[in-house]
Every structure is written in structure tokens, then in C-alpha cells.
Amino acid sequence: MNRNRQSNRDSSVHADVETLFSKHGQIVAALARSMLERIPGDRITRVHEYAARLDASAGTVQAGLNYLTSIGAIRLEARGRLGTYVVAIEYPLLWSLAMRRPLVGALPLIYSRRLAGLATGLRTQFDRLPIDLELRFIRGSGQRVQMLMSQQCDWALLSRHAALLSPGVDVVAELGDETYMAHHVLLLHNTSGSGIHDGMRIGIDPSSSDHAFIVRAICRGRSVEFVEIDYAKGLHLVMNGVIDGTVWSREDVPDTVCDLTVIPLSMNEYPELAALGVATLVVDTGNRAVASVLRAAINATELREIQQEVLEWRRPPAY
């Protein structure tokens, strides 16, 4: 998708660090990495301890701390013999100084306008910050978790259901009901009857723990043949009679389609649908730095508003 992004990133900060990128600049980056692990109220490492760890003079370390303070990346408070404490931290700014690379997020393939709205909201909020965001679109929650575990991305977007099933991840934010998916339906080819019955060929995407879960749930007690599919192709596979049915999202079925039976799935009958609808942002367990950046960057209320604007065609997707 073509993007005309307007960003108010503070390029002067990067320029300053580049000009400092002698020993002083390296110390600034190292101190920024250390501060990413802190939260307000923490006591910072003493200057002489930083100096020993970083093989630098105490004066160089103090100059680095002064620089971070002067650009607003951190605010510190000296408390005499008790040491120096963190009062406030601007995590996105620290990330840009410490890492000097984009923050990489793994999202699902954008097969629905709901996900397009979510991606648009994420892009909009990050574009206001002094940090680059790189979005990678990966099919299957399991594959996104693997990318997270192998450090190919910094965070991932999963449903709450998938997050709960994924060991080794921490949920940083839940974005609210129906932010990930909504209005699940059973799609059936018109010649297949009015429900699941024995002998049917039912499409299931094994790369998606969400899709596999709900498909197996609605087929429980029936003798069906599961056919592995790509979820995004489910509608066309049912329309063409390649499979007899699958689970899909009602809002992504065009109104012009007339050769399908569409059966809504009830929350009362399948209460698990609630967890499938909640979008979550996850990091690998213990990754305080990325978790802090995400919490600073994301406003869930505004994100949902942007998503709704995209859903209602009042804003074009842009991610």
C-alpha cells in the first residue's frame, strides 16, 4: 500500500547523536538502552558503576546522562545518599537513541477491513512519535509467535485466545472487544444444507489457532473431513465448491454474494468467540523495554475510534 506519512520525529536528536558518535555517543546509546529497562521510581546505577561497566570516565557518563535529560528522554532526581531516581521516561525517544532501528511488529495478513483499521490506527499513533515502526504481515498466530521467540520482531498482534495459548509471551495491551475479529459465521455452499452434517468437507487453517479452534468446536460430534486451507481464501473456496463450508467473518462477505448459506455463530452457544475477538499486543516474556515503548505509544480508545472510522469507510486504510 502506498503511504504518504507525515511524521513529527525529532531528526535533530539523531543528528546530535551522530555528531557525538565518538566515545560520548556510544555512552549515550548505552545509557539509553539501560534506561529502557527502567520505570519511574527506579534508582539508577551510580555514575562510577556505569563508568566501570562502560569503560569510560565518570565525566563522560555524567555528560551522557545530562544529554538524555536535556533532550527530554529522561527526568532524574538526586536524593543525596539514597542515589538518583527516575522521575519520568520518554520510551519512544529512548528507543530511537538506543537501538537506532525501527520497532518491528508482526501483524496478521490484512484479509479484513477490521484488521486494516487496526493497522491504520497503529501506524497513525506511531507516526507521531520519534520512532520508526516496521509492520510485517504474517499468516498464522503460531508463525508470529515463532518470529517473536527468534527475535525477528519485537512484538506481535494476536487474539486474546491465541495469546493465552502461547507460552513465553507477555500481554502488554488488550485493545477491546471485536478489535481483532467480529461476527463469526458458518459459510456453507448452497448445496450443502443448513448446518454441519456427517461427510462434509470443512475448511480449517491450521496455522491459525483461532480458526482451528472454532472450526473444531462447531464440528464437534460430527464426522467431517477437515481440509487445510488459507483462511483468507475460505470464501472463494466455499463459493467454488472446493469445500462445503468454513468459519468466516460476516462483515467480509460481500452483499453481492448470493450462492452461500450464512449462519451466524452465537456467543451464547460458543462463548469462546469473545476471546477470539479481542486483539492483544504481546512481547516475549520479560522484555520490559519493548513493553514500555508499546504502553507509551498506544492509546487503545483512540485506536478503536480509528478502526471504526475505517470500518465505516470514513477513513481510508493507511499502514
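Here are the numbers for the structure shown:
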item	result
Total residues in the range 1-22, condition within 16 Å of Leu68 (Cβ to Cβ), surrounded by fewer than 17 Cβ atoms within 10 Å (Cβ to Cβ) and modelled with pLDDT of 50 or more	1
In the range 171-200, the residues that are under 24 Å from Gly117 (Cα atoms) and among the charged types (D, E, K, R)	Glu174, Asp177, Glu178
Wholly within the range 220-319, strands (runs of 3 or more DSSP E) carrying at least 3 residues that are within 21 Å of the chain's Cα centre (by Cα)	279-284
Any hit, the range 141-149, residues being buried (at least 24 other Cβ atoms within 10 Å of the Cβ), under 14 Å from Ala297 (Cβ atoms), touching a residue at least 24 places away in the same chain (Cβ under 8 Å) and in contact with a helix residue (DSSP H, G or I) (Cβ under 8 Å, 6 or more places away or on another chain)	no
Ile110, sole failed condition from (1) under 17 Å from the mean Cα position of the chain (by Cα); (2) crowded, with 18+ Cβ neighbours inside 10 Å; (3) free of Cβ contacts under 8 Å to residues at least 60 places away in the same chain	(3)
Residues of the range 274-314 satisfying the condition of being farther than 17 Å from Gly176 by Cβ and surrounded by 18 or more Cβ atoms within 10 Å (Cβ to Cβ)	Val283, Asp284, Asn287, Ala289, Val290, Ala291, Ser292, Val293
Test: Leu187 is among the hydrophobic types (A, V, I, L, M, F, W, C), surrounded by fewer than 16 Cβ atoms within 10 Å (Cβ to Cβ) and touching a residue at least 40 places away in the same chain (Cβ under 8 Å)	no
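Here's the yes/no breakdown for (1) surrounded by fewer than 21 Cβ atoms within 10 Å (Cβ to Cβ); (2) aromatic (Phe, Trp, Tyr); (3) within 30 Å of Ser249 (Cα to Cα); (4) not assigned by TED's automatic domain parsing to the domain that holds Ala232:
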site: Ser34; (1), (2), (3), (4): yes, no, no, yes
site: Asp42; (1), (2), (3), (4): yes, no, no, yes
site: Ala63; (1), (2), (3), (4): yes, no, no, yes
site: Ile71; (1), (2), (3), (4): yes, no, no, yes
site: Gly83; (1), (2), (3), (4): yes, no, no, yes
site: Val87; (1), (2), (3), (4): yes, no, no, yes
site: Thr124; (1), (2), (3), (4): yes, no, yes, yes
site: Leu129; (1), (2), (3), (4): no, no, no, yes
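The values are calculated or read from the model by the stated rules, or taken from the named source; none is laboratory data. Since the model is a prediction, treat every value here as computed from it, not as a measurement. Here Cβ is always computed from backbone atoms with ideal geometry, including for glycine, and neighbour counts include all displayed protein chains.
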